[in-house]
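The values are calculated or read from the model by the stated rules, or taken from the named source; none is laboratory data. It should be emphasised that the depicted structure is a prediction, and the values quoted were computed from it without experimental measurement. Glycine gets a Cβ as well: all are built from the backbone with ideal geometry, and neighbour counts include every protein chain shown. Note: areas computed on protein heavy atoms with side chains; ligands, DNA, RNA excluded. Shrake-Rupley method; radii C 1.70, N 1.55, O 1.52, S 1.80 Å.
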Amino acid sequence: MKNFTEFLSEAELKTKIDKLSGGKYDGWFLVMKWSERGKFYPDGKPFKSEKEAKEHEKTLSLSSLAYDRISKAWKKAHSSVPIRKFPSNEYPAKILQAMKTEMDKEFKKEFPKGPFTEAQLKRSLFSDSISHAMDSWDYLSGVIIKKGKK
């Protein structure tokens with residue numbers, strides 16, 4: 001089992017900061033993110049100071065770290081609760097419990113009490129504004145980023 005610093009060092013390999021030269025943004029800093037296609041691409045607009053760029057890079061590496069681990073726990077929870085075995089009124093409670101269990105397992109070293117409240121997990125699973133798994137992972141990784149910055 002990897003520890004948090006190993007995950008974080010892997011996430012940091014997926015980001016870098018480039019200093020721009022020439023043109024409108026001379027001397028500005030651009031945060032680059034590694035893509036699955038095997039190259040870096042800019043993540044957002046350039047920053048005036050290196051400090052701002054480093055903050056954004058830290059947020060980006062934390063979010064990619066959280067995203068991978070949340071998706072892993074999410075997939076385990078959904079595969080452990082087969083939708084056809086339960087009546088429709090029991091499924092939401094079962095999937096919520098499975099999500100809580102898997103998230104607690106995945107993040108138990110960093111967050112002994114669990115990274116998410118039941119309300120946050122319920123929102124990620126059943127909210128109308130969160131339409132599919134990717135949106136839910138974005139929401140939950142945002143929660144982790146807030147906790148990680150403290």
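Data for the structure
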quantity: Residue count, segment 77-91 (criterion: in contact with a helix residue (DSSP H, G or I) (Cβ under 8 Å, 6 or more places away or on another chain) and either surrounded by fewer than 10 Cβ atoms within 10 Å (Cβ to Cβ) or within 20 Å of Lys105 (Cα to Cα) (or both)); calculated: 4
quantity: Residues of segment 85-114 satisfying the condition of being basic (Lys, Arg) and either part of a loop (DSSP other than H, G, I, E, B) or touching a residue at least 12 places away in the same chain (Cβ under 8 Å) (or both); calculated: Lys94, Lys100, Lys105, Lys108, Lys109, Lys113
quantity: When residues of segment 115-147 are limited to those that are among the charged types (D, E, K, R) and assigned to a helix (DSSP H, G or I), the one surrounded by the most Cβ atoms within 10 Å (Cβ to Cβ); calculated: Arg123
quantity: Evaluation of Lys72 against (1) at pLDDT 85 or above; (2) open to solvent by less than 70 Å² (accessible area, probe 1.4 Å) (one fails), failing number; calculated: (2)
quantity: Residue within segment 27-38 that is touching a residue at least 40 places away in the same chain (Cβ under 8 Å) and either among the charged types (D, E, K, R) or not in a helix (DSSP H, G or I) (or both) present; calculated: no
